[in-house]
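Enquirer: Let me give you the structure first, and then I'll get to my questions.
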Amino acid sequence: MAQLKHHLLREIAIDLCEREANRHFINITSLPSIEMFILAGKEPSRVFRRIVEDYVTITFLTFDTVHMTYCALKTVYTFHYPHRFKWEKYGWKLDCVYLNNLFIKWARKLKASEWLYASPRLGYLKVMTENNDLEELCLEEDRFNFWATIFKAFPKLGVVRTSACDFASMLLAASTELTFLKVVELNGTGTLDVAYKALYDHQSKCPNLETIQYRAKWLEEICFPKSTVVPSIKHIRVTVRYGRCCTPWNFSFLTVFQKAFPSLESVEIVAHKRCCCYTGGQNVTQKLTTMDEFYQAFQSLHFGFTIKIIFREIMLFLEGEELLNNVVHPFFISKGQFFGEPERFTVKTSYPGKQVIYEGDIRLHIYDDGNFFVDFDDF
Ligand SMILES: [Zn+2]
């Protein structure tokens, strides 16, 4: 096995992990195939270490217990959303001390809260807090008070996921520059102004922070104090979960971003909608008029940064009649590159520096399970 080329070894290791991750169990005693792979030689061990660095997140620790998740598709997102329940089903909890220690040493991603410092640092907790190479930290606690200890234990943090309030306390607690910090993902709507104010006041502490991701209820809520700018920020990504359905988009938030972040290179908006406006037999052509206005308004936007909107929508209709006389499908075919079926499709519309990806899902109201957000993973 040691003679196999690096990329083949990596494929084998990913395949082994996928098999274990696809069994959907939460508590397993061992990963024998993975253990054999690691013990097969220096190169397989090195390859597997890289996979742990990229795809494993330590999600819970005590001195003698470890929970972790493996996900090769995307970063595991673990805030207070349905994803949390979705992903926890895929957790690994191993009995093998040798493997657990390796995973904790090699992991670069940690989801933590007060438990990290609530008990004496023994066993696995000790190994974790000695992992100086940790790069990503997701904090679930609000009012987290251990920032100074975190910075000392994990000096190379490049990605921090935390609430807007804790981001402010994090910047306040930082006594030196957080030179590795490049991405901040904020949770906690309604307090974005708190995070922005803290970032503005302490921007010298995070000179390389380039990307901010956060969730908003409404795009209209985005506003910052006048005449305050944060020049380091180059990329913004906002997920909108609510917002008003079937009303024209107000793109004034882009002007707000332009003023607050003069070096901005890209803005990405991910909007989720669940449209129930037509379950009372109303004429759906009204909706198409609003969508048409959306495309026209988007086309006329001119900013110095790229704009991408991913618009995911479930449309619910009461009667099968609307589905039989599906006017939504021909409307969207005319809007760009169309992929998929008349009831479940993606339309890509591109203009210079701008793109809209519309993902439509047309359902009868009676067959809707209401489980809209569970299928989506944004980050
Ligand atoms: Zn609607």
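Enquirer: Suppose the filter is in a strand (DSSP E or B), within 29 Å of the chain's Cα centre (by Cα) and either under 12 Å from VAL356 (Cα atoms) or not acidic (Asp, Glu) (or both); does PHE303 pass it? Before the answer, list the steps.
Expert: Values: in a strand (DSSP E or B): no; within 29 Å of the chain's Cα centre (by Cα): yes; either under 12 Å from VAL356 (Cα atoms) or not acidic (Asp, Glu) (or both): yes.
No; evaluated as a whole, the condition is false for this residue.
Enquirer: Quick test of your reading of the structure: LYS308 fulfils all but one of (1) away from the ligand (no atom under 12 Å from the Cβ); (2) charged (D, E, K, R); (3) within 25 Å of LEU364 (Cβ to Cβ). Name the failing condition by number.
Expert: (3)
Enquirer: Could you please give the count of residues in segment 1-27 that are at pLDDT below 60 and in contact with a strand residue (DSSP E or B) (Cβ under 9 Å, 6 or more places away or on another chain)?
Expert: Counting residues in segment 1-27 that are at pLDDT below 60 and in contact with a strand residue (DSSP E or B) (Cβ under 9 Å, 6 or more places away or on another chain) gives 3.
Enquirer: Separate question: Determine, yes or no, whether ALA297 is more than 20 Å from the chain's Cα centre (by Cα) and not in a loop (DSSP other than H, G, I, E, B). Full working, then the answer.
Expert: Numbers: more than 20 Å from the chain's Cα centre (by Cα): yes; not in a loop (DSSP other than H, G, I, E, B): yes.
For ALA297, the condition - more than 20 Å from the chain's Cα centre (by Cα) and not in a loop (DSSP other than H, G, I, E, B) - is met.
Enquirer: Might you let me know whether segment 68-91 holds any residue that is closer than 23 Å to ASP133 by Cα and modelled with pLDDT of 85 or more?
Expert: Among the residues of segment 68-91, at least one is closer than 23 Å to ASP133 by Cα and modelled with pLDDT of 85 or more, which makes the answer yes.
Enquirer: Would you pick out the residues in segment 239-289 that are aromatic (Phe, Trp, Tyr) and either on the phi > 0 side of the Ramachandran plot or more than 11 Å from the ligand (Cβ to nearest atom) (or both)? Break it down into steps so the answer makes sense when it comes.
Expert: Step one: filter segment 239-289 for residues aromatic (Phe, Trp, Tyr), giving 242, 249, 251, 253, 257, 261, 278.
Of everything in segment 239-289, those that are aromatic (Phe, Trp, Tyr) and either on the phi > 0 side of the Ramachandran plot or more than 11 Å from the ligand (Cβ to nearest atom) (or both) turn out to be TYR242, TRP249, PHE251, PHE253, PHE257, PHE261.
The values are calculated or read from the model by the stated rules, or taken from the named source; none is laboratory data. Since this is a predicted model, take the numbers as computed values, not measurements. Heads up, the Cβs are rebuilt from the backbone with ideal geometry, glycines too, and the neighbour counts pull from every protein chain shown.
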